[in-house]
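The values are calculated or read from the model by the stated rules, or taken from the named source; none is laboratory data. These figures come from a predicted structure and were not determined experimentally. All Cβ positions, glycine included, derive from the backbone under ideal geometry; neighbour counts span all protein chains shown.
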Amino acid sequence: MHRYLRRAALQLLRSTGVFHLVRNSRWRQQRLLILCYHGIAQEDEHEWRPGLYMHPTIFEQRLEMLKRGEYNVVSLSEGLQRLREGRLPPRSVAITFDDGCYDFYSRGYPLLGKYRFPVTVYQTTYYSDFQKPIFNLTCSYLLWKRRGVILERSFEFGVESPMDLRSEASRHQIVLKLVKGSEAKGLTGVQKNELACQLAALLDINYEELLEKRILQLMTAQEIAELAREGVDFQLHTHRHRMPEDETQFRKEIEDNRRRLEEILDSTPVHFCYPGGVYRTAFLDWLRTEEVISATTCDVGLASMTDHPLLLPRFVDTSARSALEFESWLNGIGSILVLRKAASQRYVPPQD
């Protein structure tokens with residue numbers, strides 16, 4: 001009901017010219033919309049996780065709306081500098097991608113290049129060197145592939161038989177047991193990959209084919225370097241996609257991430273994105289100590305001069321959002337109407 005009323009309200013505001021007025025207002029010119037994306041589907045990932053993956057056709061439609069609406073797509077660093085100086089061009093937008101998955105290289109960047117839009121990738125680095133699918137996501141994806149069945153065959157790694165794959169909730173519980181079991185046993189990345197391979201065999205899924213397609217894998221160092229030479233901006237997202245609440249471990253995540261990116265790039269990354277949008281007040285001082293000058297969250301909103309530079313809001317665009325809702329965020333109406341700006345603070349499972 002709420003979604004229906006919101007759509008009706010947006011349609012009314014659009015038809016009466018309010019979209020246009022806000023779009024060209026001084027209020028909008030003083031704000032930067034930072035768009036957030038995660039993955040562009042290579043196959044059916046958008047059906048499995050529509051909150052993470054977007055079909056390439058929908059993504060291109062978003063880019064076409066930016067072009068047709070004459071929005072000024074600026075790089076993140078330029079946009080933040082101009083925001084601080086009060087020199088933003090009208091209708092400013094920055095595009096960011098989290099994680100740095102291979103599908104950005106194969107699907108996302110070619111579309112961005114077609115429109116000549118700058119982009120920032122917040123790159124995790126552990127799986128860039130360990131070229132295997134991300135463990136927890138892979139387990140979830142494999143189970144989804146066999147959704148709707150009850151599997152009678154046993155699986156020894158802390159998961160009882162039969163395995164009920166008929167609902168998202170039951171599949172999620174299986175993934176949690178696999179992740180917690182692997183952490184309790186201290187499995188290495190290699191051992192976790194072997195476990196995922198065993199799970200695929202149990203589910204009658206060709207794991208080697210998944211590896212060849214590089215679904216749920218990150219870009220390699222060579223691919224990152226190639227895109228950097230073409231102008232893609234790579235920034236910090238932790239080494240292992242986790243946010244320890246211990247200062248030493250937290251700073252090690254930043255240091256390992258930065259060191260690896262510096263080895264690949266000709267620059268030192270100074271912008272950061274919280275994995276999963278999870279942040280704590282204590283993180284701010286730790287980031288300053290690591291000389292991070294900006295950090296983006298998953299809290300929704302347009303960034304303004306009054307926002308804390310280490311708690312910048314973004315708009316997380318997903319397949320579930322309509323073109324009308326996307327347009328409302330481009331012009332700023334979406335930010336004005338949103339009821340809840342703070343994202344839920346959920347723990348992000350580590351990637352190693």
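Suppose we filter the stretch 266-296 for residues that are of a type in the set (G, A, S), closer than 15 Å to Y122 by Cα and in a helix (DSSP H, G or I); how many remain?
Just the residues of the stretch 266-296 that are of a type in the set (G, A, S), to begin with: 267, 276-277, 282, 294-295.
With closer than 15 Å to Y122 by Cα added as a condition, the list becomes 267, 276-277, 294-295.
With in a helix (DSSP H, G or I) added as a condition, the list becomes 276-277.
Residues that pass the stated criteria total 2.
Does E263 satisfy being assigned to a helix (DSSP H, G or I), out of contact with any His (no Cβ under 6 Å at 6 or more places or on another chain) and surrounded by fewer than 19 Cβ atoms within 10 Å (Cβ to Cβ)?
It is true that E263 is assigned to a helix (DSSP H, G or I), out of contact with any His (no Cβ under 6 Å at 6 or more places or on another chain) and surrounded by fewer than 19 Cβ atoms within 10 Å (Cβ to Cβ).
Can you tell me which residues in the stretch 238-260 are buried (at least 20 other Cβ atoms within 10 Å of the Cβ) and of a type in the set (S, T, N, Q)? Residues satisfying the conditions are T238, N257.
Among the residues of the stretch 299-326, the ones that are charged (D, E, K, R) and under 17 Å from the mean Cα position of the chain (by Cα) come to 4 in all.
Being in a helix (DSSP H, G or I), in the same structural domain as F272 (by TED's automatic domain parsing), in contact with a helix residue (DSSP H, G or I) (Cβ under 7 Å, 6 or more places away or on another chain) and crowded, with 16+ Cβ neighbours inside 10 Å is a property that F19 has.
Quick check: is even one residue across the stretch 102-117 free of Cβ contacts under 8 Å to residues at least 60 places away in the same chain, under 19 Å from the mean Cα position of the chain (by Cα) and farther than 30 Å from L142 by Cα?
So in the stretch 102-117, the residues free of Cβ contacts under 8 Å to residues at least 60 places away in the same chain come out as 110, 112, 114-117.
Retained after the next criterion (residues that are under 19 Å from the mean Cα position of the chain (by Cα)): 110, 112, 117.
So of that shortlist, the ones also farther than 30 Å from L142 by Cα come out as 117.
Yes, some residue in the stretch 102-117 is free of Cβ contacts under 8 Å to residues at least 60 places away in the same chain, under 19 Å from the mean Cα position of the chain (by Cα) and farther than 30 Å from L142 by Cα.
The set of residues in the stretch 234-253 being without any contact (Cβ under 8 Å) to a residue 24 or more places away in the chain and either part of a loop (DSSP other than H, G, I, E, B) or farther than 16 Å from A282 by Cα (or both) consists of P244, D246.
Selection within the stretch 154-207: residues that are buried (at least 17 other Cβ atoms within 10 Å of the Cβ) and polar (S, T, N, Q). The member of this set that is farthest from the chain's Cα centre (by Cα) is S182. Counting only helices (runs of 4 or more DSSP H) that sit completely within the stretch 86-172, those holding 3 or more residues that are under 22 Å from L265 (Cα atoms) correspond to 109-115, 126-129. In the set (1) in a loop (DSSP other than H, G, I, E, B); (2) over 24 Å from E247 (Cα atoms); (3) within 19 Å of the chain's Cα centre (by Cα), the condition left unmet by W329 is number (1).
In the stretch 282-340, what residues are acidic (D, E) and over 30 Å from H55 (Cβ atoms)?
D285, E290, E291, D307
State all residues of the stretch 77-93 that are closer than 15 Å to R314 by Cβ and either touching a Pro at 6+ places or on another chain (Cβ under 8 Å) or not assigned by TED's automatic domain parsing to the domain that holds H46 (or both); if no residue qualifies, say none. Across the stretch 77-93, the qualifying residue is only L80.
Can you name the residue in the stretch 67-101 that is closer than 15 Å to L35 by Cβ and polar (S, T, N, Q) and, of all such residues, is nearest to the chain's Cα centre (by Cα)? Ranking the candidates gives T96 first. Taken over the stretch 297-307, the residue count meeting the criterion of being in a loop (DSSP other than H, G, I, E, B) and in contact (Cβ under 8 Å) with a residue 60 or more places away in the chain is 3.
Condition (residue is within 30 Å of K180 (Cβ to Cβ) and either aromatic (F, W, Y) or surrounded by fewer than 21 Cβ atoms within 10 Å (Cβ to Cβ) (or both)) applied to the stretch 319-335: is it met by at least one residue?
First pass over the stretch 319-335, keeping only residues within 30 Å of K180 (Cβ to Cβ): 319-320.
Filter once more, keeping what is either aromatic (F, W, Y) or surrounded by fewer than 21 Cβ atoms within 10 Å (Cβ to Cβ) (or both): 319-320.
Looking through the stretch 319-335, at least one residue is within 30 Å of K180 (Cβ to Cβ) and either aromatic (F, W, Y) or surrounded by fewer than 21 Cβ atoms within 10 Å (Cβ to Cβ) (or both).
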